[in-house]
Structures are given as C-alpha cells and as structure tokens.
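Below is one structure, written out as structure tokens, with a few remarks after it.
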C-alpha cells in the first residue's frame, strides 16, 4: 500500500518549495487583490474568498491583504429558496461592461444574443 502524500503546511510554504516562481505569483495575486475592481467583485461574490484565502496563505500573501477578502455569507435556511449567483453581473463588473466570449471556432459567437 502506498502512503498518502502529505503537503507541507504553514504560511508561504509554496514559496519555500518553488522559490522565485511562486514569489512572482504571490506578488501578482497581491496586486490583483488590492485593485478596486477586484475588491468590488469579491464583495459581489463572497464565495470566491473560499478559494482565494487558502491560495493566498500558501503563497504567503500578507494577512492585511487576505483580510480584505469578504467572508463567506452564512448558509441559507433549509426553507429559503437559494438565489442563483450573478456571474454575468460579476463579469461585467470586472471587465467593465463587456462580457468576454470565446473565439468563433469554439462555438461561441461574439455577437450579443
């Protein structure tokens, strides 16, 4: 039987393992998280913080930047209808009103429907 692989733990462990490549990713992520458009997008979709917080920790992004990521809202009660996420609204918020489409060869059209 093969023993399960255990990843290192602790803040910034990926930077310690990979070196300058991971530092570049951490700096780019930190810069992205400090932009006003990204902060607004994270406020609009707080569940994204559930993905970003661990990535920030393994890259060693400063705690002050991680603290700006909105916490995940409490789960709705069982009887309450769940609302669908407003992905198109989030994309327009981040991209500045234009919803990006794929190239024609992918099967998407760049014209509005």
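Odds and ends about this structure:
- Restricting segment 12-43 to residues that are surrounded by 14 or more Cβ atoms within 10 Å (Cβ to Cβ) and over 12 Å from the mean Cα position of the chain (by Cα) leaves a set whose member that is nearest to residue 69 (Cα to Cα) is 26.
- Total residues in segment 24-66, condition in a loop (DSSP other than H, G, I, E, B) and in contact (Cβ under 8 Å) with a residue 12 or more places away in the chain: 7
- Residue check, residue 62 modelled with pLDDT of 90 or more and out of contact with any strand residue (DSSP E or B) (no Cβ under 8 Å at 6 or more places or on another chain): yes
The values are calculated or read from the model by the stated rules, or taken from the named source; none is laboratory data. All values derive from a computational prediction rather than experimental measurement. No Cβ is skipped: glycine too gets one built from the backbone with ideal geometry, and neighbour counts run over all protein chains shown.
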